[in-house]
Amino acid sequence: PEVVLKANDLVKHYPVKAGVLRRTVGQVKAVDGVSFELYKGETLGIVGESGCGKSTLGRLLMRLEEPTAGTVEFEGQDWTAASGRTMRKLRRDIQIVFQDPYTSLNPRMTVADIIGEPFEIHPDVVPKGGRRARVQELLELVGLNPEHINRYPHQFSGGQRQRIGIARGIALNPKVLICDEPVSALDVSVQAQVVNLMEKLQDELGLAYVFIAHDLSVVRHISDRVGVMYLGKLAEIGEEDEVYSRPTHPYTQALLSAVPVPDPTLRGKRDQIVLQGDVPSPANPPSGCRFHTRCWKAQDVCKTDEPQLELRADGTGEHPSACHFAEPRQVVETTDVSGLA
Ligand code: SF4
Ligand code: MG
């Protein structure tokens, strides 16, 4: 498959400052060496608990932040080093949809101005005289009434506001949409509608999504492949059905075992793995495997040797996993809890 976006060993460290002199006393390792490929037209889900670095990863891909190390390539071009014309072109090709449709839309701007704003920044995409018509077309595409073009964000529901955010995200015909928790602020019933809309747009427009979320069922529904993040690193990455039904990393196994089972006949039929302790601070990740402080399978080697994200040397496993003792563990299938079509 054709690679559209590529992360090469991305790192983002933030200085931790303390005292009246604001001296740097350490580094928060928000993203600490993440590599993956995003294929044309696919959805790569990125899951993990809050604080695992997934939002920072999204901002690095979008170049809202500069990486401490590593690069992002778009269609083979180094996007992290681009400037001038190349940078402006890439700014069109990669767009973002934010989590909160309540705060990401300017309350004093009409829908026409919000969705049309990218055309002011990239005036050559749609000629001035055609912009209103293009905004109306976008409104229709996301399932909103094109006659509501002069309304303000507060006149729309949460789900409709996220549709406006999506319309703005696709206004410049991007090839990649970074979606940072796009439905987690919405009611469950509305989540399904927005996710279904995103799938429809993907098919119609050939978009590739990086879909960042903490909700395992939503990510399972929309993703072709899934990467699981823990403390700034990918623990496991693979096809959606492999990662969900035969996870090989103990962290993924624990996460999946904690998803509520709505089917009462399945309750109690699986071993829920309860992780000990909290997620350690990303300013001071554990040595060796950073999951070792909470892992029930940890051995001495885990405290000293950092496992690489790769297939096991003996060829076992279907997808890369960053565990010295990776092995598939059947997880009882959960029925879809979110009513997604
Ligand atoms: Fe657990 Fe060791 Fe595997 Fe890390 S490498 S996930 S500590 S078994
Ligand atoms: Mg899809």
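The values are calculated or read from the model by the stated rules, or taken from the named source; none is laboratory data. Remember, predicted model here, so these are calculated numbers, not experimental data. So basically every Cβ, Gly included, is an ideal-geometry build from the backbone, and we count neighbours across all protein chains shown.
The rows are residues; the columns are (1) under 23 Å from L90 (Cβ atoms); (2) among the charged types (D, E, K, R); (3) outside the structural domain of T43 (by TED's automatic domain parsing).
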residue	(1), (2), (3)
I149	no, no, no
Q160	no, no, no
R163	no, yes, no
Q193	no, no, no
E204	yes, yes, no
L207	yes, no, no
A213	no, no, no
Pick from S50, S35: which is more than 16 Å from ligand 2 (Cβ to nearest atom), closer than 30 Å to N173 by Cα and among the polar types (S, T, N, Q)? S35
Based on what the data block shows, is K200 charged (D, E, K, R), out of contact with any Cys (no Cβ under 7 Å at 6 or more places or on another chain) and under 21 Å from R59 (Cα atoms)? no
Just checking, how many residues over segment 213-234 are within 16 Å of ligand 1 (Cβ to nearest atom) and within 18 Å of L38 (Cβ to Cβ)? 5
Residues located in segment 180-198, provided they are in contact with a strand residue (DSSP E or B) (Cβ under 8 Å, 6 or more places away or on another chain) and either more than 17 Å from V219 (Cα to Cα) or at pLDDT 95 or above (or both): M198
For V97, state whether it is touching a Ser or Thr at 6+ places or on another chain (Cβ under 9 Å) and either surrounded by fewer than 14 Cβ atoms within 10 Å (Cβ to Cβ) or more than 30 Å from P286 (Cα to Cα) (or both). yes
